[in-house]
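Below: the structure, in structure tokens.
Please treat every number below as a calculation from the coordinates, not as lab data. Computed from a predicted structure; not experimentally measured. Virtual Cβ from ideal backbone geometry, glycine too; neighbours counted across all protein chains shown.
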Amino acid sequence: MARRTKSVGIVGRYGPRYGSTLRKRVKKVLEKRYAPHKCPVCGAVGRVYRISTGIWACKKCGAKWAGGAYVPKTGLNLYYPNVMIIDREEYLRRNK
Ligand SMILES: [Zn+2]
């Protein structure tokens, strides 16, 4: 079967809308966002997903951390992945 989207890739979802320049710019961002990322805690690749803007989590070990808006690590977050989001229950368990 022929590929439906050739060079447009992930931004094929936008159809002919928004202009080609903007679609190309969005494509760069989205391709990075959905690329398989490595988990900073367990090292699993491809199990990392974005919960919300800047909040990333790993499906395998359940770690959550603050990263970039569209990538789990920007290079600017110096303390990556030291700044982690811990569930309230886990926090209480650790600090008993
Ligand atoms: Zn993990």
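For I55, the residues whose amide H sits under 5 Å from its own are G67, ignoring neighbours fewer than 5 places away on the same chain, with H placed 1.01 Å from N.
Taking the Cα centre of the stretch 31-80 as origin and assigning +1 to Lys and Arg Cβ atoms and -1 to Asp and Glu Cβ atoms, the resulting dipole is close to 120 debye. From most to least packed by mean Cβ count within 10 Å, the peptides 57-68, 20-31 give 57-68, 20-31. Measuring max minus min along each principal axis, the C-alpha atoms of the stretch 1-58 give extents of 40, 30, 14 Å (largest first). The chymotrypsin sites (Phe, Trp or Tyr not before Pro) of the stretch 1-57 that meet both conditions, a loop assignment by DSSP and at most 16 other Cβ atoms within 10 Å of the site Cβ, are Y18. Between the beta carbons of R13 and K60, assuming R0 = 30 Å, the FRET efficiency works out to 0.60 to the nearest 0.05.
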